[in-house]
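Everything on this sheet refers to the single structure shown next.
The values are calculated or read from the model by the stated rules, or taken from the named source; none is laboratory data. None of the values given here were measured: they were computed from a predicted structure. Here the Cβ positions follow ideal geometry from the backbone for every residue, glycine too, while neighbour counts run over all protein chains shown. Accessible surface areas use protein heavy atoms only, side chains included; no ligands, DNA or RNA. Shrake-Rupley method; radii C 1.70, N 1.55, O 1.52, S 1.80 Å.
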2 protein chains.
Amino acid sequence: LNSLLLELDGQGPLFEQLARALKNSILSGRFAPGSRLPATRTLSSTLAISRNTVISAYELLCAEQLAVAEPGSGTRVAAEIAALSTPSTADGGIPCSRYSARTRKLGPITLARLQIAPELRYNLQYGDPLMGASLFQSWRRKLAAAALREAIAEYLERRRGIVSSAGNILIVGGTQQALSLVSRVVLDEGDTAVIEDPHYQLAHHTLLAHGAHIVSTPVDREGLITSELPARGARLIYVTPSHQFPSGEIMSFDRRTALLAYAARHGSWIFEDDYDSEFRYVGRPLPALRSLELSDRVIYAGTFSKTLFPSLRLAYVVCPAGLYGDMLYAKRLDDLGCAAIDQAALATFLQGGQFEKQLRKSMTELRRRREALVGGLQRHAGARIQVGDSQAGMHVVAWLPDFSYPDLDRLIKTALTRSLGLHPIHPYYRKRPAHPGLLVGFAGVSVAQIERATALLGEILREIPGSLTHRAR
Amino acid sequence: LNSLLLELDGQGPLFEQLARALKNSILSGRFAPGSRLPATRTLSSTLAISRNTVISAYELLCAEQLAVAEPGSGTRVAAEIAALSTPSTADGGIPCSRYSARTRKLGPITLARLQIAPELRYNLQYGDPLMGASLFQSWRRKLAAAALREAIAEYLERRRGIVSSAGNILIVGGTQQALSLVSRVVLDEGDTAVIEDPHYQLAHHTLLAHGAHIVSTPVDREGLITSELPARGARLIYVTPSHQFPSGEIMSFDRRTALLAYAARHGSWIFEDDYDSEFRYVGRPLPALRSLELSDRVIYAGTFSKTLFPSLRLAYVVCPAGLYGDMLYAKRLDDLGCAAIDQAALATFLQGGQFEKQLRKSMTELRRRREALVGGLQRHAGARIQVGDSQAGMHVVAWLPDFSYPDLDRLIKTALTRSLGLHPIHPYYRKRPAHPGLLVGFAGVSVAQIERATALLGEILREIPGSLTHRAR
């Protein structure tokens with residue numbers, strides 16, 4: 001009974017709650033098919049609930065054919081459950097969540113009517129809109145989506161070394177939705193998900209809300225410390241290898257291969273959040289995880305939020321073989337698909353070459369802003385600040401080695417009174433780093449503003465002598 | 001302060017915004033009855049707003065009897081809130097799914113930085129985009145959202161009798177997303193959800209994929225047969241009262257009140273899918289469920305897919321008090337929010353009166369198409385077809401009382417060879433109706449096309465004599 005975790009959800013009669021909790025345990029494989037359920041007496045005393053309640057719960061399970069009562073020898077989990085509930089390795093299918101196991105039973109998503117419709121003179125189809133040319137609309141929508149996926153596939157092959165057919169690319173409404181869908185498709189409540197420490201908080205919250213068991217694995221100068229991944233495996237590993245968020249570290253090649261080997265060994269899915277890999281100021285970017293050998297476990301997410309603007313709400317997922325269908329279903333049930341007009345506009349923008357032209361312009365300007373920031377910090381606060389700068393992305397980390405955390409509070413408050421917004425990095429860590437630091441974004445402020453802001457920061461720092469003596473590591 | 005969810009809605013004075021946000025937190029159970037509200041000083045520094053603003057907000061809450069000021073010991077949530085707001089459980093909070101129980105424990109959603117940001121000369125915030133005026137962007141986004149919600153609230157009050165503050169309206173990416181979010185917020189795996197029989201298949205699939213235990217309750221000429229709702233209650237009831245999909249029936253007033261009483265008795269949530277109530281050809285539409293007494297259990301979803309076009313992907317949910325915070329969290333974790341530009345465009349369209357002008361134009365054209373269809377069916381196939389016509393929406397049902405199901409197959413196949421697309425209604429039913437029928441959409445075909453299509457249908461019907469003798473019911 002040790003490994004038995006029964007979470008009663010507090011809704012409805014107690015025996016139903018217990019039955020639901022047991023059902024979850026059975027369906028998630030915590031109770032193997034054919035295995036004995038705990039004796040009613042044992043369970044009743046362990047949970048401190050009446051034995052009648054336990055008996056009623058067991059009866060309900062038997063009624064649902066999840067369990068079988070065996071006179072004289074208690075109650076067993078039905079022998080057929082596994083086959084029924086886990087569409088996993090045995091049947092040759094890609095393992096997935098209970099959510100996706102259910103969508104797999106819903107039948108195919110057919111776009112077939114769109115194929116035949118234009119041939120019809122009259123189609124008395126419900127659901128077409130009034131405003132003219134409905135079939136043209138449907139077609140355009142389909143074509144727009146196809147065009148965008150095609151354009152993204154080309155772009156990824158050229159810029160990120162990722163070879164994927166357009167057919168494995170899913171258009172989503174941002175990286176947030178990508179992670180939300182992936183959670184639904186691969187994770188059940190209680191499944192283990194690894195996040196980096198430090199990490200992007202909303203990713204953490206998304207997995208938590210989904211009910212994942214979260215393990216946070218630390219990052220050093222080479223990115224995720226793969227030797228500290230959970231020995232028992234994990235269903236999902238969320239990483240930012242191109243530019244760890246927020247520490248800024250780039251995952252080394254050795255760690256990348258170690259991570260892929262781990263995923264292959266444990267059957268883990270890797271969520272590669274490649275949120276800002278487009279911006280790299282020195283040398284060539286390392287190839288995406290998704291472009292390496294063994295990468296069939298990698299779900300790659302790229303976004304237009306950083307390269308264009310966040311309110312566009314368009315991003316894309318490169319799905320591993322076998323996961324595309326589940327992802328498409330989850331997207332369809334989530335919101336039927338992204339707005340066709342925005343997709344069409346973006347496809348045109350990519351195909352016409354304007355997107356990469358825009359990227360080059362952005363790079364030039366971001367490079368100037370980054371140099372202004374790093375230079376300004378050096379000039380005005382070089383003795384107090386250590387800049388963690390990975391020469392990539394849209395932010396740097398400014399460590400404050402002679403600061404205590406109360407000093408940091410004073411700094412931020414004082415800066416606020418002088419109209420300078422500073423943002424601490426420690427909220428992104430599970431445990432506060434030894435020294436405080438600032439997460440300094442430079443994409444949203446002009447070079448002139450950055451110069452004045454760093455000078456102002458220098459002034460304020462002179463008013464706040466750090467209370468720690470060791471000023472350098 | 002951990003469990004505090006504060007979304008300032010950007011409307012009216014800041015202290016009122018804060019009071020509204022706190023009120024939502026209180027009603028949703030994030031602040032338990034009798035618990036201490038944060039000290040004004042703490043809240044003021046956390047949100048970076050003046051202490052006077054916080055004090056004014058607290059005074060407003062006290063005036064509304066949601067809080068009680070206790071000299072010397074701060075302000076407390078009133079002890080009686082639970083009784084006032086929750087038609088349900090012991091722990092005082094609005095009951096919700098395990099998903100929402102988890103989001104309630106996550107940190108606050110503070111949009112407060114948007115409030116303070118414009119006051120800063122330099123804000124070294126990560127995550128702002130490069131392309132100029134990032135703060136302006138943020139503001140515009142927020143304002144656009146606020147403006148759209150305001151415009152929808154006005155529209156709903158005028159056209160559907162629904163009184164709601166903009167603060168209870170959530171913008172979503174279609175009715176599909178509305179249902180998907182509602183499932184996450186109110187349903188756990190195994191919870192009972194009722195759908196109508198017949199029903200919109202994707203709604204069924206959404207609930208199935210989510211793991212709900214589905215009970216389907218039949219519909220007659222008065223809509224959902226409320227006496228056949230499950231005696232043990234249901235967590236969620238999905239209905240289309242304005243124009244049952246696909247049968248076309250309109251739910252009678254008696255059934256509406258019976259449904260609301262059932263929901264109040266069992267603590268069920270009702271999902272009112274008001275997908276095409278804008279189009280009614282005779283008389284006035286019945287008021288929305290959400291506009292009636294006891295409607296606090298009704299989650300109302302309206303969409304622009306039928307009135308404008310589906311690829312817009314914009315719809316809205318009017319949330320019951322206390323559920324807005326959970327829905328907002330689910331939306332945020334799902335995709336961070338809908339594209340700001342589309343929202344802004346739509347808000348302008350609504351505010352400028354163009355939307356209702358467009359509605360009137362659509363009504364005129366839809367009325368012509370509907371008359372052409374009903375007239376054409378009468379003229380060319382009146383002896384064979386019984387039209388189920390509720391004088392609303394964008395489709396009618398054409399019953400074929402002398403047809404067997406094999407006859408229907410022949411009809412559809414023959415029509416296809418003549419380039420006429422016909423669509424059976426029985427796939428929407430759990431059990432095939434006694435006689436086959438066609439679901440005939442008229443919004444996407446012109447009057448001229450409808451005339452030719454009904455003539456063609458008449459011709460084909462003459463070639464296929466129904467194999468059943470009783471030609472009339």
Problem - Residue selected from region B:222-238 under the condition over 24 Å from residue A:206 (Cβ atoms) and open to solvent by less than 20 Å² (accessible area, probe 1.4 Å), by the criterion nearest to the other protein chains (Cβ to nearest Cβ) - result: B:233
Exercise for the section: Residue by residue through region A:416-473, note down the ones that are in a loop (DSSP other than H, G, I, E, B), within 14 Å of chain B (Cβ to nearest Cβ) and under 25 Å from residue A:280 (Cα atoms). Expected result: A:422, A:423, A:425, A:442, A:443, A:444, A:445, A:446
Problem - Residue check for residue B:300: away from every other protein chain (no Cβ under 13 Å), surrounded by 24 or more Cβ atoms within 10 Å (Cβ to Cβ) and not β-branched (Val, Ile, Thr) - result: yes
Practice task
Go through region B:193-226 and count every residue that is within 19 Å of residue B:249 (Cα to Cα) and assigned to a strand (DSSP E or B).
Solution key: 11
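Hey, among A:290, A:284, A:255, A:265, which residue is open to solvent by 10 Å² or more (accessible area, probe 1.4 Å) and assigned to a loop (DSSP other than H, G, I, E, B)?
Answer to the check: A:284.
Name every residue in region B:375-398 that is surrounded by 20 or more Cβ atoms within 10 Å (Cβ to Cβ) and among the hydrophobic types (A, V, I, L, M, F, W, C), in order of residue number. Please lay out each step first, then the result.
Pass one, region B:375-398, residues surrounded by 20 or more Cβ atoms within 10 Å (Cβ to Cβ): B:376-377, B:380-381, B:384-385, B:392-398.
Passing the criteria: B:377, B:381, B:385, B:392, B:394, B:396, B:397, B:398.
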Fill in the blank from the handout: Only unsatisfied item for residue B:148, checking (1) facing another protein chain (nearest Cβ under 10 Å); (2) modelled with pLDDT under 95, is (1)
Practice task
Evaluate region A:161-179: report whether one residue or more is more than 11 Å from chain B (Cβ to nearest Cβ), under 30 Å from residue A:23 (Cα atoms) and assigned to a strand (DSSP E or B).
Solution key: no
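Return the only residue of A:219, A:215 being of a type outside the set (Phe, Trp, Tyr), open to solvent by 20 Å² or more (accessible area, probe 1.4 Å) and within 19 Å of residue A:425 (Cβ to Cβ).
Details: A:215 fails: within 19 Å of residue A:425 (Cβ to Cβ).
So the residue among A:219, A:215 that is of a type outside the set (Phe, Trp, Tyr), open to solvent by 20 Å² or more (accessible area, probe 1.4 Å) and within 19 Å of residue A:425 (Cβ to Cβ) is A:219.
Looking at this structure, is residue B:409 among the acidic types (Asp, Glu), open to solvent by 50 Å² or more (accessible area, probe 1.4 Å), on the phi < 0 side of the Ramachandran plot and more than 13 Å from chain A (Cβ to nearest Cβ)?
On the way: among the acidic types (Asp, Glu): yes; open to solvent by 50 Å² or more (accessible area, probe 1.4 Å): yes; on the phi < 0 side of the Ramachandran plot: yes; more than 13 Å from chain A (Cβ to nearest Cβ): yes.
In short, yes.
Any idea which residue in region A:315-326 is nearest to the other protein chains (Cβ to nearest Cβ), counting only those that are surrounded by 22 or more Cβ atoms within 10 Å (Cβ to Cβ) and over 15 Å from residue A:274 (Cβ atoms)? Let's see the steps before the verdict.
Our first condition is that a residue be surrounded by 22 or more Cβ atoms within 10 Å (Cβ to Cβ); within region A:315-326, this holds for A:315-319, A:323, A:326.
With the extra rule that they be over 15 Å from residue A:274 (Cβ atoms), the set shrinks to A:323, A:326.
Values: A:323: 16, A:326: 11 Å.
Going through the qualifying residues, I end up with A:326.
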Exercise for the section: Kindly indicate the residue of region A:435-459 that is of a type in the set (Val, Ile, Thr) and crowded, with 18+ Cβ neighbours inside 10 Å and also farthest from residue A:361 (Cα to Cα) among those meeting that condition. Expected result: A:454
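Enumerate the helices (runs of 4 or more DSSP H) found wholly within region B:1-106, keeping only those where 1 or more residues are modelled with pLDDT of 80 or more.
Numbers: elements: B:14-27, B:40-47, B:51-63, B:81-85, B:98-105.
By residue number, B:14-27, B:40-47, B:51-63, B:98-105.
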Exercise for the section: Within region A:412-434, track down each residue that is open to solvent by 30 Å² or more (accessible area, probe 1.4 Å) and under 28 Å from the mean Cα position of the chain (by Cα). Expected result: A:423, A:424, A:426, A:427, A:428, A:429, A:430, A:431, A:432, A:434
Handout entry: Residue, nearest to residue B:100 (Cα to Cα), within region A:185-202, restricted to residues that are at the interface with another protein chain (Cβ under 10 Å from one of its Cβ atoms) and under 12 Å from the mean Cα position of the chain (by Cα)
Key = A:202
